[in-house]
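Since every read-out is calculated from the coordinates, none of them should be taken as a lab result. Everything numeric in this text was worked out from a predicted model, so none of it was measured. Neighbour counts run over all protein chains shown; Cβ positions are idealised from the backbone, glycine included.
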Amino acid sequence: MTKENIKCLIIGSGPAGYTAAIYASRANLNPVLYEGIQPGGQLTTTTEVDNFPGYPKGVTGPEMMEDLKEQATRFGTDVRFGIATSADLSKRPFKITIDNEKEIFAETLILSTGATAKYLGMESEERFRGQGVSACATCDGFFYKGKDVAVVGGGDTACEEASYLAGLCNKVYMIVRRDVLRASKAMQDRVMNTPNIEILWNYNTKEITGSPMGGVNGAILVNKDGSEKKIDIHGFFLAIGHHPNSELVSEWIKTNEEGYIITEGKSTRTNVPGVFAAGDVQDPHYRQAVTAAGSGCMAAIDAERFLADNK
Ligand SMILES: Cc1cc2nc3c(=O)[nH]c(=O)nc-3n(C[C@H](O)[C@H](O)[C@H](O)COP(=O)(O)OP(=O)(O)OC[C@H]3O[C@@H](n4cnc5c(N)ncnc54)[C@H](O)[C@@H]3O)c2cc1C
C-alpha cells in the first residue's frame, strides 16, 4: 500500500467540502480533497439552483459545483477522485484508506460526506425526479407556487415541509400511511390548523403519473382497505427521512440515533480532537447548500486553529 502524510484531508466534494478546501488552501494547509462516488455532491443531481447567494440569475447545480471546484483548485487544493473506504481515528495522524489501496495519514480530517434523501423506491418516482418529484421543499417549493402538491410522510420533517409548502401552494395533501402522525404535538397542531393542508390517512403511493414533457400531473394512492384514490398534483415531495453518510467513521465519531455526526456547540469539532464535520452529514435541520458551505468554512478555520495549537 502506498502511504502519504498530509496536514488536512477533506472527504467529500459537495458545497461543504469545497468551501472547506477554499479556506484550508488559503490558510496554507495544503488540503487534499477526495471527491467520492458523487463528484460535486447532491447538487449535481438538480437543474436550477435559485437560492445560492451570488447567482442573481440562478445557476444549474453541476455548473455551480464546477465553479466551487475551480475556486478550490485555484488556491492549490489537490482534488482527487477516490473513495475513503476505511478509517482509523484512534490516534493522530488519522489513517484513512482510499479505494482500499492507499493510506493517507492526516493531521486533521474534515468530514463532509453529506446525506442522502430516502425515496419510496417506485419506478415512476425515479422517472419524474427533478420534474415534479423532489425531496426538498425549501429548494423546490417555489416552482409550485399556486399549484397543488403532495408531501409523503408523517413525522416532524413532513409536517414542516407541508407547512412551508402551504404558504406557497394552493393545496397540500399529506400522504400518511398510518392513522396517526409521528410528529410532535406542536407540529401536528400546526398542520391540523392550516386550512389548505389535507391529510390523507392510511394511504400509500402506488404510482406517480405525468408525461415526459409536462412532468407530474397526479398520483394514485392505495388505502389500507384496498381502495384506490387519484389526486391531481404537480409536485410530489418526499419527507420520509435522510441517511447521513457517516458509516465510515461510526466506530470513532459520535452520532445521534439517525447517524448525524454530533458537533460541539457552535463549532465543527467532533468528539475526536482534530476531526471536524461540515455540511449535511452533521445537519439534520437545514440541509441547504449555503449552510453546508458555511459550515465548511467553519471546519477549515477550526482545523487551522487546531493545528496552530497542536504543533
Ligand atoms: C435534487 C436536490 C436539489 C437540491 N436543491 C437545492 C437548492 O436548490 N438549494 C440548496 O441550497 N440546496 C439544495 N439541495 C440540498 C443540497 O444539495 C445539500 O444541502 C448540499 O449539497 C449538502 O452539501 P454537503 O457538502 O454537505 O454534501 P453533498 O452535496 O451531499 O456531498 C457529499 C459528498 O461526499 C462524498 N462522499 C460521501 N462518502 C464518501 C466517501 N466515503 N469517500 C469520499 N467521498 C465521499 C460524495 O461523493 C459527495 O461528493 C438539493 C438537494 C437535492 C438532492
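Taking H as built 1.01 Å from N, whose amide H comes closer than 5 Å to the amide H of Thr209, not counting residues under 5 places away?
Counting only residues 5 or more places away or on other chains, the set is Asn217, Gly218, Ala219, Ile220.
Evaluate E = 1/(1 + (r/R0)^6) for Ala186 and Ile37, where r is the Cβ-Cβ distance and R0 equals 41 Å; express this FRET efficiency to the nearest 0.05.
0.60
Going by C-beta contacts inside 10 Å, put Lys69, Lys311 in order with the fewest on the left.
In increasing order of surrounding Cβ atoms, one gets Lys311, Lys69.
What list do you get for Val281, Val290, Val180, Val191 if you sort them by fewest beta carbons within 10 Å?
If I rank by nearby Cβ atoms, fewest first, I get Val180, Val290, Val191, Val281.
Find the eigenvalues of the gyration tensor of the Cα atoms of the stretch 119-238, then list the square roots of 5 times those eigenvalues as equivalent ellipsoid semi-axes, largest first, in whole angstrom.
21, 17, 12
Give the long-range amide H neighbours of Gly259: residues separated by 5 or more places, or on another chain, with amide H under 5 Å away, using H modelled in the peptide plane at 1.01 Å from N.
none
Considering the chain as a Gaussian network with a 10 Å cut-off on Cα pairs, which listed residue, Pro39, Pro244, Pro273, attains the greatest mean-square fluctuation?
The residue that fluctuates most here is Pro273.
Amide H neighbours of Thr108 under 5 Å, at least 5 residues apart or on other chains, H built in the peptide plane: list them.
Residues meeting the criterion, in which the H sits 1.01 Å from N, are Cys8, Leu9.
Quick one: Kirkwood hydrodynamic radius for the stretch 2-65, alpha-carbon pairs, angstrom, one decimal?
Value: 12.9 Å, from the Cα pair sum.
Taking θ = phi - 60°, what integer Hz values does the Karplus form 6.51 cos²θ - 1.76 cosθ + 1.60 yield along the stretch 34-48, in sequence order, with x for Gly and Pro?
Computed from phi, the couplings for the stretch 34-48 are 9, 7, x, 6, 10, x, x, x, 4, 5, 6, 9, 10, 8, 7 Hz.
When the expected Rg is taken as 2.2 N^0.38 Å, what fraction or multiple of it is the alpha-carbon Rg of the stretch 1-156?
1.22
Which net charge results for the neighbourhood of Gly154, defined as the other residues with beta-carbon distances under 15 angstrom from its beta-carbon, given Lys and Arg at +1 and Asp and Glu at -1?
Computed value for this residue: +1.
Taking the DSSP beta bridges in the chain as the whole, what percent of them are antiparallel, to the nearest 5?
Close to 45 percent.
Report ³J(HN,Hα) in whole Hz for each residue of the stretch 92-102, in order, from the Karplus equation J = 6.51 cos²θ - 1.76 cosθ + 1.60 where θ = phi - 60°; Gly and Pro get x.
8, x, 6, 9, 10, 9, 10, 6, 6, 9, 9
Would you mind computing Rg(Cα) / (2.2 N^0.38 Å) for the chain, counting N as its residues?
Dividing the Cα Rg of the chain by 2.2 N^0.38 Å gives 1.08.
Given only helices, namely DSSP H runs of n ≥ 4 each adding -39500 (n - 2.57), what is the per-residue ellipticity at 222 nm of the chain, to the nearest 500 deg cm²/dmol?
Mean residue ellipticity at 222 nm (helix-derived): -7000 deg cm²/dmol.
What is the gain in length, in nm to one decimal, between Asn51 and Asn100 on full extension, counting 0.36 nm per residue of separation less the C-alpha to C-alpha distance?
Difference between extended and current length: 13.8 nm.
Can you give the local net charge around Ser86? Use residues other than it whose beta-carbon is closer than 10 angstrom to its beta-carbon, Lys and Arg +1, Asp and Glu -1.
Once positives and negatives cancel, what remains is -2.
How many nm is it between the label spots at Thr116 and Asn202, if each spot is 7 Å from the Cα in line with the beta carbon?
Taking the simple label geometry, Thr116 and Asn202 are separated by 3.4 nm.
Per residue Cα convex hull volume for the stretch 227-268, in cubic angstrom?
Value for the stretch 227-268: 164 Å³ per residue.
What does the charge count near Lys102 come to, summing +1 for each Lys or Arg and -1 for each Asp or Glu among other residues with Cβ under 15 Å from its Cβ?
-4
Taking neighbour counts of Cβ atoms within 10 Å as a proxy for exposure, in what order, fewest first, do His243, His285, His234 appear?
Final ranking by Cβ density, sparse to dense: His285, His243, His234.
Taking θ = phi - 60°, what integer Hz values does the Karplus form 6.51 cos²θ - 1.76 cosθ + 1.60 yield along the stretch 184-201, in sequence order, with x for Gly and Pro?
Karplus-based 3J(HN,Hα) across the stretch 184-201 equals 4, 4, 4, 5, 4, 4, 4, 6, 5, 9, 9, x, 8, 9, 10, 8, 9, 6 Hz.
Determine which lysines satisfy two conditions relative to Lys91: a Cα distance under 21 Å, and not lying fewer than 8 residues away in the same chain.
Result set, ordered by chain and number: Lys3, Lys7, Lys102, Lys254, Lys311.
Give the list, by residue number, of cysteines in the chain with no other Cys Cβ closer than 4.7 Å, or say none.
Cys8, Cys159, Cys169, Cys297
Starting from the Cα of Ile220, step 7 Å along the direction of its Cβ; do the same at Glu63; then give the gap between the two resulting points in nm.
3.9 nm
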